[in-house]
1. For the stretch 69-80, what are the residues that are under 13 Å from Ser173 (Cα atoms) and either in contact (Cβ under 8 Å) with a residue 12 or more places away in the chain or in the same structural domain as Phe186 (by TED's automatic domain parsing) (or both)?
2. For the stretch 114-128, give me the residue count where each residue is under 16 Å from the mean Cα position of the chain (by Cα) and under 30 Å from Ser274 (Cβ atoms).
3. What is the one condition in (1) modelled with pLDDT under 90; (2) in a loop (DSSP other than H, G, I, E, B); (3) within 30 Å of Cys237 (Cβ to Cβ) that Lys33 does not satisfy?
4. Out of (1) outside the structural domain of Ile154 (by TED's automatic domain parsing); (2) buried (at least 17 other Cβ atoms within 10 Å of the Cβ), the odd one out for Ser66 is which?
5. Surrounded by fewer than 21 Cβ atoms within 10 Å (Cβ to Cβ), at pLDDT 65 or above and touching a Ser or Thr at 6+ places or on another chain (Cβ under 6 Å): is that true of Arg142 in this structure?
6. Only residues that are buried (at least 19 other Cβ atoms within 10 Å of the Cβ) and more than 19 Å from the chain's Cα centre (by Cα): list them for the stretch 75-113, please.
7. Inspect all residues belonging to the stretch 320-339 and state whether any of them is modelled with pLDDT under 90 and in contact with a helix residue (DSSP H, G or I) (Cβ under 6 Å, 6 or more places away or on another chain).
Amino acid sequence: MEHHHPENDPTYKGLSVNKGISDVPIVNPYRKKKVKRQNYSADDFVAGILDGNISVLSQAVTLVESSLPEHHALAQEVIEKCLPHSGRSTRLGITGVPGAGKSTFIEALGMHLIRKHHKLAVLAIDPSSERSKGSILGDKTRMEELSVAKNAFIRPSPSAGSLGGVARKTRESIILCEAAGFDTIFVETVGVGQSETAVHSMVDFFLLLQLAGTGDELQGIKRGIMEMADGIAINKCDGTNVEKSMLAKAQFKNALHLFPRSESGWAPEVIPCSSIEKNGIEDIWLMVERHTEYTKQNGYFEYHRNQQSRYWMYETINEQLRSRFYQDPEMQELLVQMEQKVIGNELSSFIAAKSLLERFETKNSR
């Protein structure tokens, strides 16, 4: 549309207005149309996973992590069909104190394995990330080399839900990754506390990453985590820290002697390493391989995996019952009423809980 500008009239000397451009289109002509995500059947997912298709694997893991009821049945069918193709990997759990250099260590050990022609999947358990905005996404960007490696798959954890829910989904993701041909799985725990127990319940080897030179190395480590550890890696053993790392190694070895021998009969080892200088990284993997060989020979490897499967059966039952109770609209209403009675000292906590459970049982037995 042409606009008349009176300023261009000859009577206005030394004044002119240039012609403007025509209206630009609202939609960017260079914008690519979004490709609609394909709706896969369970068989499509399984075929893609067994073929090692990373895009299909990623979508299957997203399906497993979904809390939508309509996704649940499909996810379970995919897992069930992938189960016979799983179990043929080394599962390594990695935990460590904040600042121990977990991301750098995972990248160093991960790249060492990639160079040895392994296929590696890195999964994380971080039930705290919704509250603390945990750093797993930051970790992925820090693993610059590993995140673009051809045979590596890094998956941040779902950022919501209870520890049990997040851990169960991680365990199911392990099955999918193994079916896709990944022979090594790292399960990283980002949270602190109970998440270590959850990781221990799904891995073959549990590695505790420690740091020397921070004062008393044994302070701040829960006894339970030390007892779970199959090996301790003292990271950042470089530069002026070498002497401190060797001292820390002696302290940890002495501390480990105080614990009873693990059920597997394996004596945990302590190895100093440097993720930056790549020192000790191969030694740590050789320790994992020694442990695998040792536990396979004495039968503990298979026994431990069977115990883990049993544990997750009970955990799933507990989680399903809890979920059904709290998601029931009638129970939600009654909970609010009972809560007020408990706060107002009209009812004891135990009587309120008992009557709620009885009501739930009666309702579901009809």
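The values are calculated or read from the model by the stated rules, or taken from the named source; none is laboratory data. Source: prediction; values computed, not measured. Positions of Cβ are generated from backbone atoms using ideal geometry, with glycine treated the same way; all protein chains shown enter the neighbour counts.
1. Scanning the stretch 69-80 gives Ala75, Val78, Ile79.
2. Going through the stretch 114-128 one residue at a time, the tally reaches 8.
3. Looking at each condition in turn, Lys33 falls short on (3).
4. (2)
5. yes
6. Val78, Cys82, Leu113
7. Within the stretch 320-339 (the criterion being modelled with pLDDT under 90 and in contact with a helix residue (DSSP H, G or I) (Cβ under 6 Å, 6 or more places away or on another chain)), the answer is no, since none of the residues qualifies.
Every residue, every condition in (1) assigned by TED's automatic domain parsing to the domain that holds Val97; (2) under 26 Å from the mean Cα position of the chain (by Cα); (3) part of a strand (DSSP E or B); (4) farther than 27 Å from Arg171 by Cβ, yes or no:
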{"site": "Leu247", "(1), (2), (3), (4)": "yes, no, no, yes"}
{"site": "Ala255", "(1), (2), (3), (4)": "yes, no, no, yes"}
{"site": "Glu282", "(1), (2), (3), (4)": "yes, yes, no, yes"}
{"site": "Met287", "(1), (2), (3), (4)": "yes, yes, no, no"}
{"site": "Thr295", "(1), (2), (3), (4)": "yes, yes, no, no"}
{"site": "Arg305", "(1), (2), (3), (4)": "yes, yes, no, no"}
